[in-house]
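Read-outs: derived from the displayed coordinates by stated rules, not from any lab. All values reported here derive from a predicted model rather than from experimental measurement. Using ideal geometry, Cβ is built from the backbone for each residue, glycine included, and neighbour counts are taken over all protein chains shown.
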Amino acid sequence: MMNIQKAAVIGCGFVGASSAFSLMQKGLFSELVLIDANQAKAEGEAMDLSHGRPYTHPMQIYAGTYDDISDCALIVITAGANQKPGETRLDLVHKNVGIFKTIIPEITKRNFEGILLIVANPVDILTYAALKISGYPKERVFGSGTVLDSARFKYLLSEHLNVDSRSVHAYIIGEHGDSELAVWSGANVSGIGVNDFCELRGHYDHEEAMDRIYRQVRDSAYEIIERKGATYYGVAMAVARIAECIVRNEHSVLPVSSLMQGEYGMDDICISVPTIVSQDGAEQVLEIPLNEEEKEKLLQSAKELHEVLAGLDL
């Protein structure tokens, strides 16, 4: 029997541990299993997190094995090699596909019926790998995609316009990586088109601002890695947000990475576009209006991912 209040995090590095912390703060689960190739690391993280339990929600957190996951509603996979300074997310691909070839069969052996949320990078490639290796239905295997990138985009726009970031509605779509694109044509602040809102706030040089903000979003991971070695808090909050949509069956729209089957003219590839996320997983991909330039950039992003996939043995 699947337990909707039970989840597992596989990989207890910076991202996995921060995600566990973020999930604990949300109080979505009553049981959280931590799994790592280094069992002692998983045990240490579980102990550290458990010590804060008197100040948060009742929740059992422990280091476990794959035998503990069969009744989980959600498994978050953050395991993999980290992106080093100067390395792109795609440089990691062979190392991490190899790691997934050992992890995913361990999960499928256990009659797991929940959702696999892929967070390790390059997330689009690894989501596709997890889908192929597991043989699970496409709704049940998806990646954190550009959920974090879109949050970065909203944050930077909100700073530029001096308005609450929760009132900003804007997406980054495509690859979670260098070929991602900002959907400027649909960006708005509480229903007011972004350019109109900019002018209300005294900003008129739209092209310059759009280019600058997009570059800041795209390059922010590199900027953070250069300064502190890794990015983990932002993505941990994105993971908790996605988990919330699943557990609470919200049917929220998030730009997760899931399998395309003809949408936007893309096929047999996992890439991020706005998607309805619920207890069933990545329930429905939405085709949002894009202008010609955005359509072209999205297809170019997909092409770059296809080239990487072609070099893999899946």
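Computed values, structure above
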{"read-out": "Proximal lysines relative to K84, as straight alpha-carbon distance under 29 Å, when same-chain residues fewer than 8 apart are discounted", "value": "K41, K95, K101, K132, K154, K228, K297, K303"}
{"read-out": "Charge dipole (the chain, unit charges on Cβ, about Cα centre) - positive-most of V253, V194, Y204", "value": "V253"}
{"read-out": "Rounded Å value of the spacing that divides the Cα centres of region 248-265 and region 1-53", "value": "26 Å"}
{"read-out": "Rounded Å value of the spacing that divides the Cα centres of region 223-237 and region 266-314", "value": "25 Å"}
{"read-out": "Degrees separating the helix 206-228 axis from the principal Cα axis of the chain, which is the longest one", "value": "30 degrees"}
{"read-out": "Helical contribution to [θ] at 222 nm, DSSP H n ≥ 4, -39,500 (n - 2.57), averaged over the chain, rounded to 500", "value": "-13500 deg cm²/dmol"}
{"read-out": "Length added when fully stretched, R201-T56, from 0.36 nm per residue minus Cα-Cα", "value": "48.2 nm"}
{"read-out": "Gain on full stretching of the segment that runs from E287 to E43 - 0.36 nm per residue minus C-alpha separation", "value": "83.5 nm"}
{"read-out": "Only Lys, Arg (+1) and Asp, Glu (-1) charged, at Cβ; region 147-310 dipole about Cα centre in debye", "value": "680 debye"}
{"read-out": "Normalised convex hull volume, region 3-143, alpha-carbon set, Å³ per residue", "value": "100 Å³"}
{"read-out": "The chain - charge dipole about Cα centre, Lys and Arg +1 at Cβ, Asp and Glu -1, debye rounded to 20", "value": "920 debye"}
{"read-out": "On Cα atoms only, tilt of 93-108 relative to the major axis of the chain in degrees", "value": "50 degrees"}
{"read-out": "Cα convex hull of region 167-314 - mean projected area over all directions, nm²", "value": "10.7 nm²"}
{"read-out": "DSSP-loop GluC sites (Glu not before Pro) across region 217-293, with at most 13 other Cβ within 10 angstrom", "value": "E287"}
{"read-out": "Total charge dipole magnitude, region 3-143, about the Cα centre, Cβ charges on Lys, Arg, Asp, Glu only, Debye to nearest 20", "value": "300 debye"}
{"read-out": "Within region 134-158: backbone nitrogen closer than 16 Å to the Q25 label point (7 Å, Cα to C-beta)", "value": "148, 151-152"}
{"read-out": "Likely footprinting exposure, E207, E296, fewest C-beta neighbours within 10 Å first", "value": "E207, E296"}
{"read-out": "Spread of Cα-to-Cα distances over 20 Å intervals beginning at zero, given as percent, for the chain", "value": "34, 58, 8"}
{"read-out": "Added length on full extension, which subtracts the Cα-Cα distance from 0.36 nm per residue, K228 to S252", "value": "5.4 nm"}
{"read-out": "Trypsin sites (Lys or Arg not before Pro) within region 212-314, DSSP loop, no more than 16 other Cβ atoms inside 10 Å", "value": "R248"}
{"read-out": "Helix 292-310 axis, angle to the chain major axis (alpha carbon atoms, nearest 10°)", "value": "30 degrees"}
{"read-out": "For the chain: relative contact order, % (alpha-carbon pairs under 8 angstrom, 6 or more apart)", "value": "18 percent"}
{"read-out": "Fluctuation leader among L156, L131, L259 - the chain, Gaussian network, Cα springs under 10 angstrom", "value": "L156"}
